[in-house]
Amino acid sequence: MVEQINVLWNALPLGLQIVFQILAIVIPLTLAVAYLTLVERKVIGYIQARIGPNRVGPRGWLQPIADGIKLLMKEIIIPSGANRALFIIGPILAIAPALVAWAVVPFNETMVLANIDAGLLYILAVTSMGVYGVIIAGWASNSKYAFLGAMRSAAQIVSYEIAMGFALVSVLIAAGSLNLVQIVQAQQGSFLHWFWLPLLPLFLIYFISGVAETNRAPFDVAEGESEIVAGFHVEYSGMTFAVFFLAEYANMILVAALAALMFLGGWLSPFQGIPAVEGWFAWVPGIVWLFLKITVLLFLFLWFRATFPRYRYDQIMRLGWKVFIPITIVWLLLVGIAVLYKLPWWFD
Amino acid sequence: MKAIRNYIKSLFLWELLKGLKLTGRYMFGKKITVQFPEERTPQSNRFRGLHALRRYPNGEERCIACKLCEAVCPAACITIESEQREDGTRRTTRYDIDLFKCIYCGFCEESCPVDAIVETRIMDFHFEKRGDNIINKEQLLAMGDKYEKQIAADRAQDAPYR
């Protein structure tokens, strides 16, 4: 049976094979995004001593499907003053990078769509594109709130990109490679060998910058419901709004996945290197560990949103420029020195 | 010294972690949601909801069309028309309440000399057509017949304080 499938698979033209691989990533990702919205509402509900949605389907499990159908059926309103072409391109530009970046994300040693050597560079380049969707949407809407939201998020994303970039550069120095598979393999040993420990401040900075990059609470001034209605997507309705929503959640999953790969050992088992326990969990496939790590990080996103009030705009800028960037630069130097002198345990 | 301590505290996200700890504890705490159509919160016997017109135990309607309720109603949502019945008593021929105008203040009930118009405990009702919001005498009397037991019990419980 397995051989037959293999023969069939190899008989397919390369183009079709790639299309199927893309579908195998994008469809589960879309489902994950849909259910992340439900999990978010549930988790935030629980934290606020409520029980969250529980009416559609058993325990509310069909809620995302109902939401999706509702948004699909709704009318897409294009404001009369808007630039029609850009208004439609905005959401597409927002979601495209969030999906495209998954091309280089490895699920284990071999399961990766494009195992390119410049993986990290590719990720940096592609995720930076996301801001264009927001800016174009805000500008094309021809509305003051949308424009303000777009300006805020542009400034915010650009400033946190720098701290994020520096954090990634030190991962690159520590691993000695831009290839994501090799970055994970460089963390082999035990969970103390993972890069979160030697790069601890950078791990935190990367994750916090990730929260800021995805415009999530407490850095969600781009939407700031209480100040600028909904920011860059005030004028959007129906499916175009849903695409922005999808993009935000897909970006969250992407940031969590990248943090898991670069700082938490990707698909490596957390019990690696512990004599007895390692054997017990040897049967668990690596992809399960990766998904568990992503889940934990995503939970942190939701936990943050339920806990922290929104930062004031100048506080966001202060944190990005005056705290994160100096720390990353100092730690970059320290990591460079540690690698140069082959600090035992991690870099030997 | 204090400045340095504060600086270190904020650098290590101390307060933020404390906040996370608090919300994390609430996540496993008791949930206070009342699942409305199945569960209900307790109601006072003085609750002022949907209106009803009562009858005497012998089946005679209480309302004598004195129009005090119409006069006292601050939202002017009550419309009454009356005429003489064959036995010589005055009765309403029309008793309409516009539930969109009504502010559920309970003045009509307070002003009624014969305890005819009352406000019941019913608070979840809806209309499906325009015009359904104006309820007439038949509907009000039907409400009274249907919930008379509850209405009488609520009034009896409140009697010592009046």
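The values are calculated or read from the model by the stated rules, or taken from the named source; none is laboratory data. Bear in mind that the values here come from a model prediction, so they are computed numbers and not experimental data. All Cβ positions, glycine included, derive from the backbone under ideal geometry; neighbour counts span all protein chains shown. Side chains included, ligands, DNA and RNA excluded: accessible areas come from the protein's heavy atoms. Shrake-Rupley method; radii C 1.70, N 1.55, O 1.52, S 1.80 Å.
Output the helices (runs of 4 or more DSSP H) that fall wholly within region A:1-116 and possess 3 or more residues being within 14 Å of another protein chain (Cβ to nearest Cβ) and of a type outside the set (A, V, I, L, M, F, W, C), or say none. Please lay out each step first, then the result.
On the way: elements: A:2-11, A:14-47, A:63-73, A:84-100.
Per the criteria, A:14-47.
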Check: Pairs, please: C-beta under 9 Å, at least 6 apart or cross-chain, first residue closer than 15 Å to residue B:112 by Cβ and in region B:54-76, second open to solvent by 80 Å² or more (accessible area, probe 1.4 Å) and of a type in the set (Phe, Trp, Tyr)?
Finding: B:62/B:56; B:69/B:107; B:72/B:107; B:73/B:107
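Test residue A:285 against the stated conditions and say whether it is surrounded by fewer than 19 Cβ atoms within 10 Å (Cβ to Cβ) and within 14 Å of chain B (Cβ to nearest Cβ). Write out each step before concluding.
On the way: surrounded by fewer than 19 Cβ atoms within 10 Å (Cβ to Cβ): yes; within 14 Å of chain B (Cβ to nearest Cβ): no.
Taking the combined requirement at face value, the residue does not satisfy it.
Checking the conditions here, which among A:39, A:2 is touching a residue at least 60 places away in the same chain (Cβ under 8 Å), among the aliphatic types (A, V, I, L, M) and open to solvent by 60 Å² or more (accessible area, probe 1.4 Å)?
A:39
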Next item on the list: Working carefully through the options A:158, A:211, find the one that is modelled with pLDDT under 85 and over 20 Å from residue A:106 (Cα atoms).
Entry: A:158
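Does residue B:9 meet the test of being on the phi < 0 side of the Ramachandran plot and out of contact with any Lys or Arg (no Cβ under 6 Å at 6 or more places or on another chain)?
Values: on the phi < 0 side of the Ramachandran plot: yes; out of contact with any Lys or Arg (no Cβ under 6 Å at 6 or more places or on another chain): yes.
Criteria met by residue B:9.
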Next item on the list: Residue by residue through region A:301-317, note down the ones that are surrounded by fewer than 16 Cβ atoms within 10 Å (Cβ to Cβ) and part of a helix (DSSP H, G or I).
Entry: A:313, A:314, A:315, A:317
Item checked: Filtered residues of region B:107-162 (kept if within 16 Å of the chain's Cα centre (by Cα) and among the polar types (S, T, N, Q)) -> B:120, B:133, B:150
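Within region B:1-20, can one find any residue that is open to solvent by less than 80 Å² (accessible area, probe 1.4 Å) and more than 14 Å from chain A (Cβ to nearest Cβ)?
Within region B:1-20, one or more residues are open to solvent by less than 80 Å² (accessible area, probe 1.4 Å) and more than 14 Å from chain A (Cβ to nearest Cβ).
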Notebook entry, point to check: Could you list, in sequence order, the residues of region B:67-118 that are loosely packed, with under 14 Cβ neighbours inside 10 Å, charged (D, E, K, R) and in a strand (DSSP E or B)?
Noted result: B:81, B:83, B:90, B:94
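Restricted to region A:213-254, and to residues that are of a type in the set (A, V, I, L, M) and assigned to a loop (DSSP other than H, G, I, E, B), which residue is surrounded by the most Cβ atoms within 10 Å (Cβ to Cβ)?
First pass over region A:213-254, keeping only residues of a type in the set (A, V, I, L, M): A:217, A:221-222, A:228-230, A:234, A:239, A:242-243, A:246-247, A:250, A:252-254.
Filter once more, so that each one left must be assigned to a loop (DSSP other than H, G, I, E, B): A:217, A:221-222, A:229-230, A:234.
On the way: A:217: 19, A:221: 24, A:222: 26, A:229: 17, A:230: 17, A:234: 22.
This residue is A:222.
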Note to self: Condition first: under 21 Å from residue A:103 (Cα atoms) and open to solvent by less than 20 Å² (accessible area, probe 1.4 Å). Now tell me which residues in region A:162-195 satisfy that.
What the structure shows: A:164, A:165, A:168, A:171, A:177, A:179, A:180, A:181, A:183, A:184
Check: Which of the residues belonging to region B:22-41 are more than 8 Å from every other protein chain (Cβ to nearest Cβ) and surrounded by 11 or more Cβ atoms within 10 Å (Cβ to Cβ)?
Finding: B:40
Margin query: Within region A:328-342, does at least one residue satisfy the condition of being among the charged types (D, E, K, R) and in a helix (DSSP H, G or I)?
Written below: no
